[in-house]
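Report on one structure; see the data block that follows.
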Amino acid sequence: MPPQISADLVIVANRLPVDRITEDDGSPGWRRSPGGLVSALEPVMRANDGAWIGWPGGTDNDLEPFVEDGLSLVPVALGAEEVEDFYEGFSNGTLWPLYHDLVAKPEFHREWWDAYVAVNRRFAEQAAAVAAENATVWVQDYQLQLVPQMLRELRPDLRIGFYLHIPFPPTELFQQLPWRRQILAGLLGADLIGFQLPGAAANFVRLVRQRVGHKTHRDLIHLPDGRTVRAAAFPISIDAEGFEELAARPGVAARAAEIRESLGNPETVFLGIDRLDYTKGIYVRLRAFGELLAEGELTVGHAVFVQVATPSRERVDQYRRLRDEIDRLVGRINGDFGEIGSPAISYMHSSYPREEMAALYRAADVMVVTPYRDGMNLVAKEYVACRLYNDGALVLSEFAGAAEELRQAWLVNPHDINGMKAALLEASRAGPREKSRRMRAMRRQVMEHDVRRWADTFLSELSCVGGRDQPPLRRV
Ligand code: F6P
């Protein structure tokens with residue numbers, strides 16, 4: 001019998017916070033996925049009989065709700081065609097490029113939209129079924145922007161929050177979307193809509209005023225039915241203490257030394273860690289590094305670039321093409337400059353556990369994070385949290401949300417390859433005092449503003465808006 005769920009706090013996200021694994025005896029099981037979101041929400045979920053609704057990945061369609069590690073998990077099934085049209089199509093072929101400043105061209109297909117509506121409805125129905133009376137429901141990200149309105153129609157008693165993890169585009173770009181009004185109306189079903197940056201919240205409020213004609217005042221939107229919706233910025237963060245603790249483990253320090261050793265103990269290890277995504281600017285940063293080798297500003301043996309590219313959305317065309325382009329570029333640079341036992345670029349198309357990531361962060365002299373556009377970029381914050389001795393340098397794109405907090409990084413415009421080359425050199429040649437001054441300030445910011453604080457702030461602000469009388473969540 002599946003557990004009967006009546007939750008006071010419901011998280012609705014495209015993915016469940018667990019991955020499918022095969023146990024030692026060959027039976028299928030689940031393992032907690034390492035994201036910061038679940039670690040931040042876990043205590044408040046436990047205190048409030050929390051439930052998490054999400055897609056388990058794949059097209060396994062007969063999964064019942066289950067309890068894993070004390071958390072109630074409610075799988076939402078997707079058919080093969082829905083994976084194509086809702087996930088790969090509308091979510092990642094339309095919204096993803098549109099919301100990332102058209103770094104790639106978004107495609108608009110009516111059948112993708114129909115699947116988006118149908119799948120959002122399924123998530124909303126599932127949330128309506130498991131939420132206790134007057135519960136709080138927190139909907140996550142761009143895949144589920146219609147859920148707040150659909151859920152409010154089904155369950156007007158609920159307090160509903162929505163958080164967008166990716167950028168919200170400038171009004172001129174958003175207007176290209178044939179279903180722009182429906183998306184705005186969907187989001188307005190929430191009481192509180194959270195964005196990464198104040199500029200994104202302002203774009204949203206302006207669009208609502210211009211396109212839907214609702215009255216707005218600062219970050220408040222007044223709806224004709226008397227409800228007030230607030231749109232504001234809540235910059236997300238990481239489990240900073242968790243990363244710091246991991247980086248301090250002797251095993252991680254030893255692994256970091258081993259990584260440097262196996263790279264031939266170069267003077268400068270540059271590091272990039274990204275999902276293999278065209279928004280991340282992996283190509284341009286490797287090109288910049290290649291040009292520095294060609295010009296003799298850097299030399300193989302003294303400098304190496306370690307690039308980890310985590311496989312992602314591999315059935316989407318633009319991602320396939322990107323993989324081929326990067327494979328070719330890495331091959332060319334290594335062919336031109338590499339030597340036996342000393343490649344110029346050490347490239348891994350693979351994902352690693354948190355321990356290995358922490359060891360890589362400890363091993364790297366210069367972390368290179370150069371997205372064309374990024375909602376926040378948590379890798380930049382993870383690197384900072386792992387630099388226990390205030391050393392190391394961060395080269396960071398101005399167009400990552402993290403740049404608003406990590407002002408002491410070497411900030412670069414990823415479209416300006418010469419500027420990026422100069423920043424790579426400057427960061428690698430900076431003296432210890434300069435690096436320490438910058439890193440100390442960034443560490444203070446990251447350690448004080450962690451993901452736990454982000455979740456607490458959002459949930460406590462959510463309990464203050466809407467003007468209805470739900471009981472507050474139990475605090476932890
Ligand atoms: O940041 C956006 C996001 O969709 C996250 O929600 C997710 O963890 C990550 O990108 C990976 O995406 P996907 O779920 O498509 O593999």
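Taking only DSSP H segments of four or more residues, each worth -39500 (n - 2.57), what value at 222 nm results for the chain once the sum is divided by all its residues, to the nearest 500 deg cm²/dmol?
It lands at -12000 deg cm²/dmol.
Sort the following peptides by mean Cβ neighbour count (other Cβ atoms within 10 Å, averaged over residues), highest first: 50-62, 22-34.
With the highest mean Cβ count within 10 Å placed first, the list reads 50-62, 22-34.
Tell me the angle of helix 110-130 to the major Cα principal axis of the chain, expressed in degrees between 0 and 90 and rounded to the nearest ten.
For helix 110-130, the angle is close to 70 degrees.
Using alpha carbons only, how many degrees (0 to 90, rounded to 10) separate the axis of helix 451-462 from the longest principal axis of the chain?
Helix 451-462 and the main axis of the chain meet at about 20 degrees.
Let me check I've understood the local charge: for Arg230, count other residues with C-beta under 10 angstrom from its C-beta, Lys and Arg +1, Asp and Glu -1. What total comes out?
Value of the local net charge: -2.
Expected output is a single nm value to one decimal: the length gained when fully extending between Glu297 and Ala47, i.e. 0.36 nm times separation in residues minus the C-alpha distance. What is it?
Between Glu297 and Ala47, full extension yields an extra 84.4 nm.
When the Cα centres of region 398-476 and region 60-119 are compared, how far apart do they sit, in Å?
About 28 Å separates the Cα centre of region 398-476 from the one of region 60-119.
Around Ala115, with a cut-off of 13 angstrom between Cβ atoms, what is the net charge of the other residues, counting Lys and Arg +1 and Asp and Glu -1?
That works out to -4.
Taking just the C-alpha trace of region 123-248, give me its Rg and Dmax in Å.
Answer for region 123-248, Rg first and Dmax second: 15.8, 54 Å.
Enter the angle in degrees (range 0 to 90, nearest 10) between the Cα long axis of helix 198-207 and the first principal axis of the Cα atoms of the chain, meaning the one along which they spread out most.
The angle comes out near 40 degrees.
Taking the simple approach of a point 7 Å from Cα along Cα-to-Cβ for both Ile340 and Gln210, what is their distance in nm?
Modelled inter-label distance: 6.3 nm.
Counting alpha carbon pairs within less than 8 Å and at least 6 residues apart, what relative contact order, in whole percent, applies to the chain?
Relative CO of the chain lands at 14 percent.
Could you pull out every residue, at least 5 positions away or on a different chain, whose amide H is within less than 5 Å of the one on Trp138? Hs are placed 1.01 Å off N in the peptide plane, and Pro or chain starts have none.
Amide H to amide H, under 5 Å and 5 or more residues apart or across chains, Trp138 pairs with Val10, Ile11, Val12, Gly161.
Report P(r) for region 240-448: all Cα-Cα distances, bin width 10 Å, range 0 to the bin holding the largest distance, values in whole percent.
It works out to 9, 37, 40, 14, 0, in whole percents.
With θ set to phi - 60° and the Karplus curve 6.51 cos²θ - 1.76 cosθ + 1.60, what are the ³J(HN,Hα) couplings of region 79-91 in order, to the nearest whole Hz, using x for Gly and Pro?
x, 4, 5, 5, 4, 5, 8, 7, 7, 6, x, 4, 5
Any chance you could list P(r) for the chain, counting all Cα-Cα pairs in 20 angstrom bins from zero, rounded to whole %?
All Cα pairs considered, the percentages come to 23, 55, 21, 1.
Let me check I've understood the local charge: for Leu220, count other residues with C-beta under 13 angstrom from its C-beta, Lys and Arg +1, Asp and Glu -1. What total comes out?
+2
Restricting the count to DSSP beta bridges whose residues both fall in region 101-241, what percent are antiparallel, rounded to a multiple of 5?
Here the antiparallel bridges make up roughly 35 percent for region 101-241.
Read phi for every residue in region 160-168 and hand back ³J(HN,Hα) as whole Hz from Karplus 6.51 cos²θ - 1.76 cosθ + 1.60, θ = phi - 60°, with x for Gly and Pro.
Residue by residue, region 160-168 yields 10, x, 9, 10, 9, 7, 10, x, 9 Hz.
No lab work stands behind these numbers, since they all come straight from the coordinates. Because the structure is predicted, anything quoted here is derived from the model rather than measured. So basically every Cβ, Gly included, is an ideal-geometry build from the backbone, and we count neighbours across all protein chains shown.
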